[in-house]
Amino acid sequence: MTARKITAPGIPRARPSFYLRYMVEPYVYLSPALVLIALVMLVPLVIGISYAFQSVNLLRPIETGWTGFDNFRTLWSDRKFWLALTNTFWWTAGSITFQFFLGLGLALLLNTSFHGKRLVQALVFLPWAVPTFLSALTWAWLFNPTIGPLPHWLAALGILPEPFNILGDPNLAMWGPITANVWFGIPFFAITLLAALQSIPGELYEAAEIDGASAWQMFTKITLPFLAPMIAITVMLRTIWIANFADLIFVMTGGGPANSTQILSTYIFTTAFRKLDFGYASAIAVALLGLLLVYAAVLLVLRRKLVKI
Amino acid sequence: MARIELQNIAKNYGPVEVMRDINLEIEDGEFIVLVGPSGCGKSTLLRMIAGLEPITEGEFRVDGRRMNEVQPRDRDMAMVFQSYALYPHMDVARNMGFSLEIRKAPSQERADKVRDAAKTLGLTSLTARLPKALSGGQRQRVAMGRAIVRDPSAFLFDEPLSNLDAALRVEMRLEIARLHQRLETTMIYVTHDQVEALTLADRIVVLNAGKIQQVGTPLDLYERPANRFVAQFIGSPTMNILEVEPTDKGVLLKDGTVIGISPGAERPVACDLGVRPEHLNIVPQGSAHFSGKAELVEHLGSDTNIHAHVPSIGQVLVRQHGHFPLKTGDPVHIALELDKVHLFAPDGQRLDTVLGSG
């Protein structure tokens, strides 16, 4: 007879060597994924950020090396950077506001039942599927008075004094890309909000109707609270995308006239690939990254406070 | 307080007629239960009363006033849904006070009413919780609380207990009965569970295939079912139906036994004899109407169910009170309580029975 070690549920039986194995083994299995993520995401990110603290200018290949915060000091006193930052704010705020409210309206319309709903739903999604360069070109032409109808219509409505190209007017040029971006971005909000709307149980509306709620009260007291999580996440994502979204502006105005449509992402692009100053472009990119991180953090905190479901 | 009248109500979905000839008068303060199998239209009828479904034809009146076109919010009725339909983003107190919030009642009045209702339903300690943090029974109570707080002219219940477990269902049933005694408000209650119907109702409305089969007190339905459907739907276990042939001496069972009852006025060629399991008795051989063999004996403690096979008649279920010492395979001799036997015409309608030969 040998004494048997008595084990009971809840009492760990692991030997010390097991402990190490349990600590290390999972990471061995995870390593292919971790290595892949590090290679394709972290390495470029770290290299990109490190450029911000170096002088990397292809036009001056000899003056390379670490420069500390020099790039950021230049940035602080760069008038063009502050202009681009202000423009980024208006570009993003203008685009997101119109995209969101028009998208929400469209989602509410699509959530009702009408004849030909499926066809309309499919059509609504189209702008999202058009390549951005194509839509940018199309909108640039639409705003051109020699070939496009828009300036003539705007003049006929009395919004413009005469049919001219607003993309050439420093005070109005930003409205061109914003209009194109609104057209381009509405489907995203419409489709995501429609999905959220369709997940609201119909019985809640029936209960509210019996409780005496009007259509507006049902919207504010049931629909909006249910949409809130989706609204928070989509607005955050879209804001970040739009702030980084250079295609439309680059094709339609190239940042002009007189830098009136220059946003940070187009400024980064021109600095890097026109002036070939990668160090300074990285510094601007790091500044934009920091701002967007702060924005996302604020929105996530707000979301946690406001959303109860 | 409301007296509800339904007159020739019909409901169509496009070309499909789901309900017709619904005529019903509900007295003020009455507890009416709509009962029937799934798809019989009982929930649709309730939703038409609530205003959630349009009424295709006929007139629906409350206290003499036509309500067909009145919006649900102006009908002054409270409804408890099967799924409870609590607002998941509002705490219990706000859920219960939602109708007052909508009507912009002063916050003091709102708080008082919610507190009273919460006290009645034993929810006082839960008022700050969200619905997701409640058990099924508690959610059910909140849904009832939301209805009580409104102080409506009528309560509508749409299968409110079907999502609860058996024990909780009995408890909530008592609670609803108590609520009705206390409030004395008109209540319309939809269920497919005949026990709920029999225990709660002042009057039961049995529906099948979109038509009212019978309206009556629970005892009416049990003792004088208007047709074979009601007879088989009300009462558990289900009534035995035996084919019989009316003759001069009484009705003739398939095995040749003559039972000393006959249909009253006219005598149809064939009819069905209905007898509830509790109105059949196991007796000594001499006084039996027919004999068979026990195929399955269920001992329930309070009762014993004997599934017997009777040659050329078929399967018969006998229910004896208390413990009955019988085993599978034993021979059984069965007698009918003749004054509790029903006869139904071939179309299912009740025939008045007369004791003795016709």
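The values are calculated or read from the model by the stated rules, or taken from the named source; none is laboratory data. Predicted, not measured: the structure shown is a model, and the values here were computed from it. A quick note on method: Cβ atoms are made from the backbone with ideal geometry, for glycine too, and the neighbour counts reach across all protein chains shown.
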Scanning the range B:64-96 for residues that are free of Cβ contacts under 8 Å to residues at least 40 places away in the same chain and charged (D, E, K, R) gives B:ARG65, B:ARG66, B:GLU69, B:ARG73, B:ASP74, B:ARG75, B:ASP91, B:ARG94
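Results for (1) within 14 Å of chain B (Cβ to nearest Cβ); (2) farther than 19 Å from A:ALA195 by Cα; (3) of a type in the set (D, E, K, R), shown as yes or no for each residue.
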{"residue": "A:PRO225", "(1), (2), (3)": "yes, no, no"}
{"residue": "A:ARG238", "(1), (2), (3)": "no, no, yes"}
{"residue": "A:ASP247", "(1), (2), (3)": "no, yes, yes"}
{"residue": "A:THR253", "(1), (2), (3)": "no, yes, no"}
{"residue": "A:THR271", "(1), (2), (3)": "no, yes, no"}
{"residue": "A:ARG274", "(1), (2), (3)": "no, yes, yes"}
{"residue": "A:TYR280", "(1), (2), (3)": "no, yes, no"}
{"residue": "A:GLY290", "(1), (2), (3)": "no, yes, no"}
{"residue": "A:LEU299", "(1), (2), (3)": "no, yes, no"}
Evaluate the following for A:ILE178: is it under 25 Å from A:GLY103 (Cα atoms) and of a type in the set (A, V, I, L, M, F, W, C)?
yes
Which is among the acidic types (Asp, Glu) and surrounded by 16 or more Cβ atoms within 10 Å (Cβ to Cβ), of B:GLU159, B:GLU171, B:GLU184?
B:GLU159
For the range A:248-281, name all the residues that are in contact (Cβ under 8 Å) with a residue 40 or more places away in the chain and charged (D, E, K, R).
A:LYS275, A:ASP277
Restricting attention to the range B:65-92, report how many residues are part of a loop (DSSP other than H, G, I, E, B), more than 7 Å from chain A (Cβ to nearest Cβ) and under 27 Å from the mean Cα position of the chain (by Cα).
7
Selection within the range A:160-193 - under 22 Å from A:ILE249 (Cβ atoms), assigned to a loop (DSSP other than H, G, I, E, B) and of a type outside the set (Asp, Glu):
A:LEU160, A:PHE164, A:ASN165, A:PRO170, A:ASN171, A:LEU172, A:ALA173, A:MET174
Can you tell me which of B:LEU130, B:LEU164, B:LEU126 is under 25 Å from A:ALA228 (Cα atoms) and surrounded by 17 or more Cβ atoms within 10 Å (Cβ to Cβ)?
B:LEU130
Would you say A:TRP82 is assigned to a helix (DSSP H, G or I) and surrounded by 18 or more Cβ atoms within 10 Å (Cβ to Cβ)?
no
Please enumerate the residues belonging to the range A:154-174 that are under 15 Å from A:TRP91 (Cα atoms) and either touching a residue at least 12 places away in the same chain (Cβ under 8 Å) or outside the structural domain of A:MET252 (by TED's automatic domain parsing) (or both).
A:LEU167, A:PRO170, A:ASN171, A:ALA173, A:MET174
Near pairs, Cβ below 6 angstrom, 6+ apart or cross-chain, from the range B:41-63 (away from every other protein chain (no Cβ under 14 Å)) to any residue that is outside any loop (DSSP other than H, G, I, E, B) and polar (S, T, N, Q):
B:THR56/B:ASN12; B:GLY58/B:GLN7; B:GLY58/B:ASN8; B:GLU59/B:GLN7
Taking first residues from the range A:282-307 that are assigned by TED's automatic domain parsing to the domain that holds A:THR234 and second residues anywhere that are surrounded by 14 or more Cβ atoms within 10 Å (Cβ to Cβ) and not in a helix (DSSP H, G or I), the pairs with Cβ under 6 Å that are 6 or more apart or on different chains are A:SER282/A:ALA52; A:ALA283/A:ALA52; A:VAL286/A:ALA52
Looking only at the range B:146-171, how many residues end up being in contact with a Gly (Cβ under 9 Å, 6 or more places away or on another chain) and under 26 Å from B:GLU53 (Cβ atoms)?
5
Reported set for the range B:50-87 where residues are small (Gly, Ala, Ser) and buried (at least 22 other Cβ atoms within 10 Å of the Cβ) is B:GLY51, B:ALA78, B:ALA85
Is there a residue in the range A:118-139 that is more than 28 Å from A:THR234 (Cβ to Cβ) and free of Cβ contacts under 8 Å to residues at least 60 places away in the same chain?
no
With respect to A:ALA243, is the statement that it is in a helix (DSSP H, G or I), aliphatic (A, V, I, L, M) and farther than 17 Å from A:THR92 by Cα true?
no
Positions within the range A:194-207 being surrounded by fewer than 24 Cβ atoms within 10 Å (Cβ to Cβ) and assigned to a helix (DSSP H, G or I), in sequence order
A:LEU194, A:ALA195, A:ALA196, A:LEU197, A:GLN198, A:GLY202, A:GLU203, A:LEU204, A:TYR205, A:GLU206
The correct count of residues that are assigned to a loop (DSSP other than H, G, I, E, B) and either more than 8 Å from chain A (Cβ to nearest Cβ) or under 30 Å from the mean Cα position of the chain (by Cα) (or both) in the range B:93-118 is 4
The range A:38-66 - residue that is under 16 Å from A:ALA285 (Cβ atoms) and in a loop (DSSP other than H, G, I, E, B) and, of those, farthest from the chain's Cα centre (by Cα)
A:VAL56
Counting only residues that are under 17 Å from A:ASN111 (Cβ atoms) and more than 7 Å from chain B (Cβ to nearest Cβ), the range A:205-220 contains a total of 7
